[in-house]
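Accompanying notes for the structure given below.
The values are calculated or read from the model by the stated rules, or taken from the named source; none is laboratory data. Computed from a prediction, not measured in an experiment: that's the story for all the values here. No Cβ is skipped: glycine too gets one built from the backbone with ideal geometry, and neighbour counts run over all protein chains shown. Accessible surface is based on the protein model in full, side chains and every heavy atom, while ligands, DNA and RNA are left aside. Shrake-Rupley method; radii C 1.70, N 1.55, O 1.52, S 1.80 Å.
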Number of protein chains: 2
Amino acid sequence: MADLLRSHDINPTHQRIEIAHALFSRQEHLSADQVMAFVNTRHSETSKATVYNTLKLFVEKGLVRELIVDPSKVFYDPNTHPHHHLYEIDTGKLSDIGAEYMQVSGLPPLPAGTVIEGIDLIVRVRRAS
Amino acid sequence: MADLLRSHDINPTHQRIEIAHALFSRQEHLSADQVMAFVNTRHSETSKATVYNTLKLFVEKGLVRELIVDPSKVFYDPNTHPHHHLYEIDTGKLSDIGAEYMQVSGLPPLPAGTVIEGIDLIVRVRRAS
DNA sequence: CCAGACATTAGACAATGTCTAAATCCACGC
DNA sequence: GCGTGGATTTAGACATTGTCTAATGTCTGG
């Protein structure tokens, strides 16, 4: 895990390793407070500020991807390969859609002086009434 | 405007008409607090609770579409026809991408007992460094 | 061991949105 | 016109997520 951090130009401190472990051992989409909860299960080890700082750092360094899907919280995705997402509104459950199931084609004219940061495709589903 | 509301099964009260007007006269993507600001420019007329209640009602009734694009606030889109969105991270500017520029194909297997609520395609751009 | 840079922390703060209980509005029957 | 009842609006307290700051802690090269 320390090597993974180093390879992304991140100084592997104790807290960062814990947080990376929380994200990468389960291959799940976690929100900041879920990460907090996992990291601090045994004894309180890592502060809220550090969790937020570290997640932001991981995003900048391309280690994880930020998912803006729920109006109230951000999720972090340890899978940075191209894929899409399915969000179950009622339960808040977020899962991957393999790139083989859905394709996006075309590109819009971009505003001058801007570059693409990412393209997000989200399928929102709810329980059939 | 009252007729538009009635046609969507919404009782056209004074406040609802004001809010609908804010959204539909400018064809823009507004956040709840922008709606608040527009509605209350002259004299304070409409409370925060009513703005939130009304926007939620409009979404339920299919009058506007909810856009989850910015980690800190929800936008409301008066255009309910199929189209996609371009979000400028640095400025927070949100604009439409006509359906002719980008296409989505395929569908993932949906979890049992769920139906699609919507498919969102968002292109995020940032200022080129 | 020291200096200095880097990392972490507690807790105050900010922003967005929700909730509740009371007040207001309005259509209807009389 | 007047009262009734359901729908609507409201102020403000509250909850949640995330940011900021100033102080403290840690680590490394020399």
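Before moving on, here are some points about what is shown:
- Selection from the stretch A:38-51 of residues that are open to solvent by 50 Å² or more (accessible area, probe 1.4 Å) and in a helix (DSSP H, G or I): A:Phe38, A:Lys48, A:Ala49
- Selection from the stretch B:1-37 of residues that are more than 14 Å from DNA strand C (Cβ to nearest atom) and open to solvent by 70 Å² or more (accessible area, probe 1.4 Å): B:Met1, B:Asp3, B:Ser7, B:Asp9, B:His21, B:Arg26, B:Gln27, B:Glu28
- Counting the residues of the stretch A:100-129 that are in a loop (DSSP other than H, G, I, E, B) and under 17 Å from the mean Cα position of the chain (by Cα) gives 0.
- Test for A:Ser72: is it among the polar types (S, T, N, Q) and under 18 Å from A:Gln34 (Cα atoms): yes
- Within the set A:Thr54, A:Thr91, A:Thr80, A:Thr50, the sole residue that is farther than 30 Å from A:Pro12 by Cβ and polar (S, T, N, Q) turns out to be A:Thr91.
- Across the stretch B:71-99, the qualifying residues are those that are of a type in the set (Val, Ile, Thr) and in a loop (DSSP other than H, G, I, E, B), and the one among them that is nearest to the other protein chains (Cβ to nearest Cβ) is B:Ile89.
- Any hit, the stretch B:31-41, residues being closer than 28 Å to A:Ala99 by Cβ and over 16 Å from the mean Cα position of the chain (by Cα): no
- Among residues of the stretch A:49-77 that are more than 11 Å from DNA strand D (Cβ to nearest atom), those with a beta-carbon under 6 Å from a residue that is hydroxyl-bearing (Ser, Thr, Tyr) and open to solvent by 10 Å² or more (accessible area, probe 1.4 Å) at least six positions away or on a different chain give the pairs A:Val64/A:Tyr76; A:Arg65/A:Thr80.
- Where B:Lys61 falls short, out of the listed (1) closer than 22 Å to A:Val123 by Cα; (2) facing chain A (nearest Cβ under 10 Å): (2)
- Some residue of the stretch B:16-33 being within 12 Å of DNA strand D (Cβ to nearest atom), of a type in the set (Ser, Thr, Tyr), out of contact with any Cys (no Cβ under 9 Å at 6 or more places or on another chain) and away from chain A (no Cβ under 14 Å): no
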